[in-house]
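Take a look at the structure below.
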2 protein chains.
Amino acid sequence: MTPEDIFSVRPIGIIHSPFKEKEGMPIQPGSDQGQRGQVVLDREFVPGLQDLEGFSHLILVYYFHQAKSPQLLVKPFLDDVKHGLFATRAPSRPNPIGISVVRLLGIHKNILEIENLDILDGTPLLDIKPYVPDFDRPGEVRIGWLEESREDIPGKLSDDSFS
Amino acid sequence: MTPEDIFSVRPIGIIHSPFKEKEGMPIQPGSDQGQRGQVVLDREFVPGLQDLEGFSHLILVYYFHQAKSPQLLVKPFLDDVKHGLFATRAPSRPNPIGISVVRLLGIHKNILEIENLDILDGTPLLDIKPYVPDFDRPGEVRIGWLEESREDIPGKLSDDSFS
């Protein structure tokens, strides 16, 4: 690792949600109860939102600002044995970058109204991408250790064991 | 913006692909021709791969190391008018972070064999996440300006107009 291998990223906005602390959050957007929130984009980036309202879903890329130091084996919510970190969606990762697919309800100037949130209030936003099934939705999928716990996902809430 | 709002990220590995330059690359994994490649993970992170082989697809998070300075309005491959940057998947973004859903073929020590690549050879890897339909696959989707060009996506190759 040489110094030039370190990249800097900076927030382009802030994500606001009803989740003021990690406990009680839905663990991923698919499991949410229709929770709404807002993306407040820094005003300098507003021209980049042009034509985004045609898309029903966005991929938000953000920084897990409350993540702890990463551990390479973690015990997720959905199981009671440890798994490799990269086989989980735990926030504490070598690069604590999160991605969530959310529904876009509307855009007003620099404010994006969104639904299907699993993101902590105040989370720094790094990027917004349009969700495009041709790119983002593969065909037949296997989900390994999660298969057994899949029926537990809907409505599953976070505790503090996985941050 | 204060200095503490800047976050550092660092590569945890390198993505190898047949694409030595941006011209001729498939523009997104969904449009590929089954191209294969490898993720070479730094050896220190190998324990984090445990149980990952049960998943058929991964989300790779990486740094667009050859991205140019971002412009907030861009003319993508798939259209001939400009769109807001955040309504496109252009690599040159305020934070040039890319995400791709790829098929996992196998893991041997720190080497992941993958398929469905749209990533430039030598791209710095930032994260590996398991692809989980319950989290990552929304229901009814609209894709805005891309709707008209959707039939053009399969097999579409990159040129230099969009980097």
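Values quoted throughout were computed directly from the atomic coordinates according to the rules given, and no laboratory measurement underlies them. Because the structure is a prediction, the values reported are computed rather than measured. Ideal geometry is used to build each Cβ from the backbone, glycine not excepted, and the neighbour counts take in all protein chains shown.
For the peptide A:6-17, the mean number of other protein chain Cβ atoms found within 10 angstrom of a residue's Cβ is 4.
Return the average number of partner chain Cβ atoms within 10 angstrom of each residue Cβ along peptide B:117-128.
Details: counts 0, 1, 0, 0, 0, 0, 0, 2, 2, 6, 9, 6.
Neighbouring Cβ atoms belonging to other protein chains average 2 per residue here.
For the residues of A:98-108, the average number of beta carbons from a partner chain within 10 Å of their own beta carbon is 2. With label points set 7 Å from Cα along Cα→Cβ, the inter-copy distances at A:GLU53 are 5.1 nm, sorted shortest first. Amide hydrogen proximity for A:PHE19: with H placed 1.01 Å from N in the peptide plane, the residues at 5 or more positions away or on another chain lying under 5 Å are A:ASP121. Projected onto planes of every orientation and averaged, the convex hull of the alpha-carbon atoms in segment B:8-132 covers 8.0 nm².
Pairs exceeding a 29 Å alpha-carbon distance, out of A:LYS109/B:LYS129; A:LYS68/B:LYS20; A:LYS129/B:LYS68; A:LYS22/A:LYS129; A:LYS22/A:LYS82; A:LYS129/B:LYS109: A:LYS109/B:LYS129; A:LYS68/B:LYS20; A:LYS129/B:LYS109. Sorted from shortest to longest, the distances between the A:GLY139 label points of this copy and the other copies are 2.6 nm, with each point 7 Å from Cα along the line through the beta carbon. Rounded to the nearest whole Hz, the Karplus-based 3J(HN,Hα) values (6.51 cos²θ - 1.76 cosθ + 1.60, θ = phi - 60°) of segment B:88-102 follow the sequence 10, 10, 3, x, 7, 10, x, 10, x, 9, x, 10, 9, 8, 10, with x at glycine and proline. Spatial offset of segment B:51-99 relative to segment A:73-107 amounts to 20 Å, using the alpha carbon center of each. Could you give the nm distance between label points at B:ARG36 and A:LYS75, where each point is 7 Å from its Cα heading toward the beta carbon? Going by the 7 Å Cα→Cβ label model, 3.9 nm.
Label point of A:LYS22 (7 Å along Cα→beta-carbon): distances to the other copies' equivalent points are 3.8 nm, sorted ascending.
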